[in-house]
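What follows is a single structure, written as structure tokens, with notes after it.
The values are calculated or read from the model by the stated rules, or taken from the named source; none is laboratory data. Keep in mind the model is a prediction, meaning the values are calculated, not measured. Here the Cβ positions follow ideal geometry from the backbone for every residue, glycine too, while neighbour counts run over all protein chains shown.
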Amino acid sequence: MAGVPPGWQDLAVSRTPQPRRGKDVPEQLGFDLMPERLFVCTPSKLSSYADCPRRYRHTYLDRPAPQKGPAWAHNSLGASVHTALRNWWDVPVERRNSAALPRLLKATWVREGYRDDEQERAVYERALGWLEAYTAELDPELDLLGVERTVAAKTAVLALSGRADRIDARNGEAVIVDYKTGRTGLDADDARGSLAMALYAFAAERVFRRPCRTVELHHLPTGTVAAHQHTPESIARHVKRAEDTAGDIVAAEKALADGTPPDEAFPVRPSSLCSWCDFRRVCPAGADAPVKETWAAVETATV
Ligand code: SF4
């Protein structure tokens with residue numbers, strides 16, 4: 001069973017409905033070797049579990065899900081900028097320039113989470129400046145394979161899908177581009193270690209039937225690009241990591257189904273992320289984390 005993480009075979013088989021063996025079905029057809037059900041996931045689903053199993057449970061399993069805290073301004077900012085950039089590529093090429101940006105950003109601006117109108121206005125101006133500087137360096141006729149494009153692929157155990165911010169066509173290859181709007185700059189280690197971008201590359205190579213090894217983080221606040229050139233081996237390591245995480249999730253879900261208390265099957269994993277967690281109010285570990293205002297991450301963002 002190539003590609004199946006050690007120790008997962010039994011769990012995976014237990015999730016598979018047992019085949020019916022009628023008298024017309026010879027044993028040697030090997031129904032026990034029928035493909036197992038694949039674990040359907042996105043990179044963010046896997047990362048959610050890796051960051052904190054309890055947060056994963058609240059997000060993906062608990063129904064009804066616990067009520068989330070209020071919206072974060074940095075999420076509003078990120079969504080606004082991403083959508084404006086996506087729509088910029090839909091503007092006819094002769095008008096695809098900085099003059100189009102104020103209208104695009106206004107149209108997609110998400111208002112939630114800011115301290116007040118004054119802060120929101122200042123962040124809007126800052127975001128517009130990022131976009132103007134970024135698009136000034138962009139070829140409006142860039143050869144694109146996709147913008148906010150969903151790519152999907154299967155492994156022996158995963159049915160992966162995810163939406164890449166942009167996929168460029170360069171020199172016969174596909175290049176994954178991910179926009180970032182956070183405060184801190186990024187370097188090549190961030191690009192190398194990004195599970196999401198490696199999985200996008202894995203899927204894009206199959207979808208577009210061309211090599212996809214280069215992944216780039218475009219940090220809009222600083223106008224910098226952190227790039228990494230993957231090898232087939234480094235992509236395979238990320239895929240293995242994803243499969244291992246999926247194996248852990250399946251094991252935890254099975255434990256839950258078998259009666260293990262939810263807080264044991266999906267334990268807390270306290271970290272600096274707790275202050276920003278949507279579920280900190282319903283989590284004992286979250287109660288100990290320093291409280292952050294919903295606008296804290298945009299207050300001193302790099303201009
Ligand atoms: S507050 Fe921290 S420990 Fe609790 S669910 Fe969120 S990330 Fe996990």
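Yes/no per residue for (1) more than 17 Å from Pro43 (Cβ to Cβ); (2) of a type outside the set (Val, Ile, Thr):
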{"residue": "Thr214", "(1), (2)": "yes, no"}
{"residue": "Leu220", "(1), (2)": "yes, yes"}
{"residue": "Gly223", "(1), (2)": "yes, yes"}
{"residue": "His228", "(1), (2)": "no, yes"}
{"residue": "Asp244", "(1), (2)": "no, yes"}
{"residue": "Ala252", "(1), (2)": "yes, yes"}
{"residue": "Asp258", "(1), (2)": "yes, yes"}
Answer yes or no as to whether Ala153 is touching a strand residue (DSSP E or B) at 6+ places or on another chain (Cβ under 7 Å) and either of a type in the set (Gly, Ala, Ser) or surrounded by 18 or more Cβ atoms within 10 Å (Cβ to Cβ) (or both).
-> yes
Got a number for residues in segment 286-303 being crowded, with 17+ Cβ neighbours inside 10 Å and within 9 Å of the ligand (Cβ to nearest atom)?
-> 2
Quick one: in segment 261-275, which of the residues that are more than 7 Å from the ligand (Cβ to nearest atom) and assigned to a helix (DSSP H, G or I) is surrounded by the fewest Cβ atoms within 10 Å (Cβ to Cβ)?
-> Ser272
Is there a residue being more than 16 Å from the ligand (Cβ to nearest atom), under 30 Å from Thr155 (Cα atoms), surrounded by fewer than 11 Cβ atoms within 10 Å (Cβ to Cβ) and modelled with pLDDT under 95 anywhere in segment 9-17?
-> yes
So which of Asp278, Asp190, Asp244, Asp258 ends up being within 16 Å of the ligand (Cβ to nearest atom) and on the phi < 0 side of the Ramachandran plot?
-> Asp278
Residues of segment 159-213 that turn out to be farther than 20 Å from Glu141 by Cα, at pLDDT 95 or above and among the β-branched types (Val, Ile, Thr), as a count = 2
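Matching residues to (1) surrounded by 15 or more Cβ atoms within 10 Å (Cβ to Cβ); (2) more than 16 Å from the ligand (Cβ to nearest atom); (3) in a helix (DSSP H, G or I):
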| site | (1), (2), (3) |
| --- | --- |
| Lys45 | yes, no, yes |
| His58 | yes, no, yes |
| Pro70 | no, no, no |
| Leu131 | yes, yes, yes |
| Leu145 | yes, yes, no |
| Arg149 | yes, yes, no |
Looking at (1) surrounded by fewer than 15 Cβ atoms within 10 Å (Cβ to Cβ); (2) in contact with a Pro (Cβ under 8 Å, 6 or more places away or on another chain), can you tell me which one Arg95 breaks?
-> (2)
